[in-house]
Amino acid sequence: MLPPRITLTQEILRLISPIDEFKGEGRTLGGLGAEKLQSLRRIATIESAGSSTRIEGSRLSDREVETLLSGVASESFQSRDEQEVAGYAYVTETIQTVWQELRLTQGILLQLHRDLLRYSEKDDRHRGEWKTHP
């Protein structure tokens, strides 16, 4: 079966133009030193983990997320918020490390879900499984 044909309109080009510009900016990051890239990656992980878990009700600030992630190897968390942030950061690190080889399949999505909830005691029953109820 052939993919559907898409007519490129001015509106579509206007909408995808920023994506192309962003790709070009990403290539310039390669010129940054490894230490600077690692620092940017860490900041992005902290802000992303904090923001994404706050959407779900977490009350941790970015500073608290940073402190938590500095000691994440201990795996002793005081709250569900901390468990969620640790799982989010773990999956983010995985994706950042293997993104070039990562091929999204059902199995990979379930593995990422399992890893996302790896520290969450409450989610043990459905960790790494498809949602079966609302």
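Here, each number is a calculation from the coordinates, and none is a lab measurement. The structure presented is a predicted model; accordingly, all values stated were derived computationally and were not measured. Cβ atoms come from the backbone with ideal geometry, glycine included; neighbour counts cover every protein chain shown.
Give me the net charge of Leu60's neighbourhood, meaning all other residues with Cβ under 15 Å from the Cβ of Leu60; Lys, Arg count +1, Asp, Glu -1. That sum, taken over residues with Cβ under 15 Å, equals -4. Peptide packing for 37-50, 101-114 was compared via the average number of neighbouring C-beta atoms within 10 Å per residue; ordered from the highest value, the list is 37-50, 101-114. What angle do you read, to the nearest 10 degrees and between 0 and 90, between the alpha-carbon axis of helix 34-55 and the longest principal axis of the chain? The two axes meet at around 70 degrees. Suppose a student asked you for the relative contact order of the chain, using Cα pairs under 8 Å spaced at least 6 residues apart; what percent would you report? Answer for the chain is 17 percent.
Of the residues Val91, Ile55, Leu8, the one whose Cα sits farthest towards the positive end of the charge dipole of the chain is Leu8 (charges of +1 on Lys and Arg Cβ, -1 on Asp and Glu Cβ, taken about the Cα centre). Over the C-alpha trace of the chain, radius of gyration and Dmax come out as 18.5, 54 angstrom.
Helix content alone sets the calculated 222 nm mean residue ellipticity of the chain: runs of n ≥ 4 DSSP H residues at -39500 (n - 2.57) each, divided across all residues, give -20000 deg cm²/dmol.
The calculated FRET efficiency for Glu75 paired with Ile19, based on their beta-carbon distance and R0 = 30 Å, is about 0.20.
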